[in-house]
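The values are calculated or read from the model by the stated rules, or taken from the named source; none is laboratory data. Only a predicted model underlies this, so the values are computations on that prediction, with no experimental measurement involved. Please note: Cβ atoms are built from the backbone with ideal geometry, for glycine as well, and neighbour counts cover all protein chains shown.
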Ligand SMILES: [Zn+2]
């Protein structure tokens, strides 16, 4: 069934059967699981790291950033979870999907370079790389 509301549930390990309309959050494993909101029955696994997704829980409300784009799945559904509401995105063309995926990859590369730079002995060189990636990112995002 297509979902319009999601509620958060904190877990340590994934339950064997996932309920519709529940966003399972494992802080220990920095992972979230939910059944695809379109009702196709597929499980969507999201990594909760600054380079991937962030989840915010306020009482019984949950928000997820950025949007969930299930382009690796048959349904190709794309939606936001904002204040527990499922907000459906318009169907994107294959070229739009490719552009978004490319941008996400750039964001991740920037984040990873920044984290590594802060931990590296050779921080100077990596900072230069990070600046370069930032410029590249800006250029790609117009
Ligand atoms: Zn689906």
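Kindly establish whether residue 19 is within 16 Å of the ligand (Cβ to nearest atom), in the same structural domain as residue 81 (by TED's automatic domain parsing) and closer than 20 Å to residue 85 by Cα. It is true that residue 19 is within 16 Å of the ligand (Cβ to nearest atom), in the same structural domain as residue 81 (by TED's automatic domain parsing) and closer than 20 Å to residue 85 by Cα. For region 22-43, taking the residues that are within 10 Å of the ligand (Cβ to nearest atom) and buried (at least 18 other Cβ atoms within 10 Å of the Cβ), the one that is farthest from residue 60 (Cα to Cα) is identified as 38. Within region 44-67, is there a residue that is within 15 Å of the ligand (Cβ to nearest atom), touching a strand residue (DSSP E or B) at 6+ places or on another chain (Cβ under 9 Å) and within 25 Å of residue 138 (Cβ to Cβ)? Yes: one or more hits. Close Cβ contacts (under 8 Å, 6 or more residues apart or on different chains) running from residues in region 129-141 that are farther than 9 Å from residue 106 by Cβ to residues that are part of a helix (DSSP H, G or I) and modelled with pLDDT of 80 or more comprise 129/113; 129/117; 130/110; 130/113; 130/114; 130/117; 134/110. Residues of region 89-101 that are in contact (Cβ under 8 Å) with a residue 12 or more places away in the chain and surrounded by 12 or more Cβ atoms within 10 Å (Cβ to Cβ): 89, 92, 97, 100, 101. Within region 36-57, the only residue that satisfies the criterion of being free of Cβ contacts under 8 Å to residues at least 24 places away in the same chain and more than 14 Å from the chain's Cα centre (by Cα) is 41. Conditions: (1) in a helix (DSSP H, G or I); (2) within 16 Å of the ligand (Cβ to nearest atom); (3) touching a residue at least 40 places away in the same chain (Cβ under 8 Å). Residue 107 meets all but one. Number of the miss? It fails just one condition, (2).
Taking only region 71-86 into account, find how many residues are more than 15 Å from the ligand (Cβ to nearest atom) and within 15 Å of the chain's Cα centre (by Cα).
Residues in region 71-86 being more than 15 Å from the ligand (Cβ to nearest atom) and within 15 Å of the chain's Cα centre (by Cα): 1 in total.
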